[in-house]
Amino acid sequence: MSDAGRNTPIAEAFEAQRDHLRAVAHRMLGSHADAEDAVQEAWLRLSRQDPATIDNLAGWLTTVVGRISLDVLRSRRARPEAPYDDRLPDLVVTLDDAPAPEDDAVLADSVALALVVVLDSLGPSERLAFVLHDLFAVPFDEIGKILGKSTAAAKMLASRARRKVQATERPSGAGREQ
């Protein structure tokens, strides 16, 4: 964003939505870098758009980021890169008598990675419907508009995604070992 564009009302409104947009993109794409790229692309599209034509800026931006994320996911399937498992860092979770903050941080990272692995088993449309509805409470009619499908189809995609997530094999072990 240029310095001249930072002080406009539209730029301030975008900055207010940036964290939400980054969270949507990250949950869909599983990568901070890809999420940042998607948010930046949304800013570029917004800067080319007439702000007077946008009734709901937050909804418009979420839709744009969702579509950009879908495009990235589709291009990944069309041009497969290295397998996802090759990119996962080796995480070691150790048990200690007293819980330490770093242990909690490692556990949170491993849970986040597990969520990304589970979401990776979903198709792009299922992932978008699941993330937007179940994690961000976006109504199905808006999800349907983003996907170019009916409200009923959006509900079905989210339902199918939930079933796949629930059917994912649970790790053995108890408590913090999981």
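General remarks:
- Per residue solvent-accessible surface (Å²) - the range 4-46, probe of 1.4 Å: 49
- Local electrostatic count, ILE143, Cβ distance below 10 Å [Lys/Arg +1, Asp/Glu -1]: +1
The values are calculated or read from the model by the stated rules, or taken from the named source; none is laboratory data. Just so you know, these numbers come straight off a predicted model, no measurement behind them. All Cβ positions, glycine included, derive from the backbone under ideal geometry; neighbour counts span all protein chains shown. These area figures cover heavy atoms from the full protein model, side chains too; ligands, DNA and RNA do not enter into them. Shrake-Rupley method; radii C 1.70, N 1.55, O 1.52, S 1.80 Å.
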